[in-house]
1. Among the residues of the stretch 244-263, write down those that are at pLDDT 95 or above, of a type in the set (A, V, I, L, M, F, W, C) and farther than 22 Å from residue 311 by Cα.
2. Name the residues in the stretch 84-118 that are aliphatic (A, V, I, L, M), under 17 Å from the mean Cα position of the chain (by Cα) and either outside any strand (DSSP E or B) or modelled with pLDDT under 95 (or both), would you?
3. Scanning the stretch 227-249 for residues that are in a loop (DSSP other than H, G, I, E, B) and touching a helix residue (DSSP H, G or I) at 6+ places or on another chain (Cβ under 8 Å), which turns out surrounded by the fewest Cβ atoms within 10 Å (Cβ to Cβ)?
4. Considering the stretch 112-142 alone, what residues qualify as being farther than 17 Å from residue 76 by Cβ and acidic (Asp, Glu)?
5. Just a yes or no: is a residue in the stretch 231-239 β-branched (Val, Ile, Thr) and either closer than 21 Å to residue 80 by Cβ or modelled with pLDDT under 95 (or both)?
6. In this structure, does residue 283 turn out to be in contact with a strand residue (DSSP E or B) (Cβ under 8 Å, 6 or more places away or on another chain) and over 25 Å from residue 45 (Cβ atoms)?
7. Could you go through the stretch 17-34 and let me know if any residue there is out of contact with any Gly (no Cβ under 9 Å at 6 or more places or on another chain), surrounded by fewer than 23 Cβ atoms within 10 Å (Cβ to Cβ) and modelled with pLDDT of 85 or more.
8. Pick from 278, 297: which is modelled with pLDDT of 95 or more and either basic (Lys, Arg) or part of a helix (DSSP H, G or I) (or both)?
Amino acid sequence: MILKTPTSRCFLSGCANWPLFLVLLCCRPTIVNANDDGWFETVSFAVPEGAPWTSLTRTRERYTTEANDGHEANFWLIQGSQAAVLIDTGFGLENLAQHLMDGGYWNASTTPLVVVASHEHFDHAAGMSVFPAATSSDVVLAAGSGDANAITESITARTADILVQEMAFYPDEYFSEAPPSVTDFAARLSDFQTQANIDRELVEGDTIELGDGAVLTIMALPGHTPGSIALYDGPSQTIFTGDTLYAGYLIDNAVDSNVDDYATSMDRLAALSVKQAYPGHGEALSGEQYLAVIDCYNGGEEDCSYVVEEIPGTVKPLSRSSSSSSTSESVPPDGNITTTAPTTTTDGGDSDTVPSGSSASSR
């Protein structure tokens, strides 16, 4: 596992012009009972043609359906021959690391893991903190440089903080049907500050190597948040887009959003060769659907969810289960798994190396 540096959502129809705090106040999520399949739902996807991965899975938190307008946040686990990367981790109300280990999706004793936040919002980043404590294997927590401080230090004055306060004010609405561990967590929400201590700040062009030529390249895509990122696999033309692109209401008017940056990021995505896209919410998309979402956004439409209804090609999972036995074998770490910190280009100096699992200073 090597990191290298090279030389709104709108929840109500017609509410696009509402102040965001009104949108969130009027859209309190309803908790869905965890069913017999468990608190998390994990499904397997076919590895895209040309991608040298051993497996691809998606995990969702069942109870957040209404909180996310019917589209739970997606957490993508990509397994390589020597390491794995997990993109996003959810609210952190239940232990995602334990679920992945217990279900056989991730072997913590043999497989180094890079846990990446696609952006700072706590429905994607709050679950990061359980990973270093959950395992003795090499784990690196990473996020885009524009969002790392918000994840590590505070989400005060962030849009997510408004929803956090709502959860603390109305715990019964949010957690009355949840397991006791989540109900107890409501007290923490009233002072929700730290999501995780970020080890690595990711910048444009950084890469994550998973073994046997599997390389994911970081794309900096500011707009939804300052540090929103995507991960791209060139050989298979596959992209993991976070909340920058999905089939739904795309949020460019949050407290930390920037419309001009969002438009520029969409132009970059439009110029990219993509056969399949795995977003932060909703269904996995074909290349045609991916482009349709971009056209929808650029055309000023509020809701881009129609693309999965009107355009064929939605990428479907292979199975639907909450546990699995992984058939892939991961190469044990050699003790020298490292991350390579960003190069400072102004002085021509070399990249420095930070041991996996250690804390890199903010840059």
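The values are calculated or read from the model by the stated rules, or taken from the named source; none is laboratory data. In this text, all values refer to a predicted model and were calculated from it rather than measured experimentally. Here the Cβ positions follow ideal geometry from the backbone for every residue, glycine too, while neighbour counts run over all protein chains shown.
1. 259, 263
2. Across the stretch 84-118, the qualifying residues are 93, 96, 97, 100.
3. So the first thing to find is which residues in the stretch 227-249 are in a loop (DSSP other than H, G, I, E, B), and the list is 227-228, 234-237, 243-248.
Narrowing the set further to residues that are touching a helix residue (DSSP H, G or I) at 6+ places or on another chain (Cβ under 8 Å) leaves 227-228, 237, 243-247.
Values: 227: 25, 228: 31, 237: 18, 243: 26, 244: 29, 245: 27, 246: 28, 247: 27.
That would be 237.
4. 120, 138
5. yes
6. Against the criterion (in contact with a strand residue (DSSP E or B) (Cβ under 8 Å, 6 or more places away or on another chain) and over 25 Å from residue 45 (Cβ atoms)), residue 283 does not qualify.
7. No, that holds for no residue.
8. Matching residue, one of 278, 297: 297.
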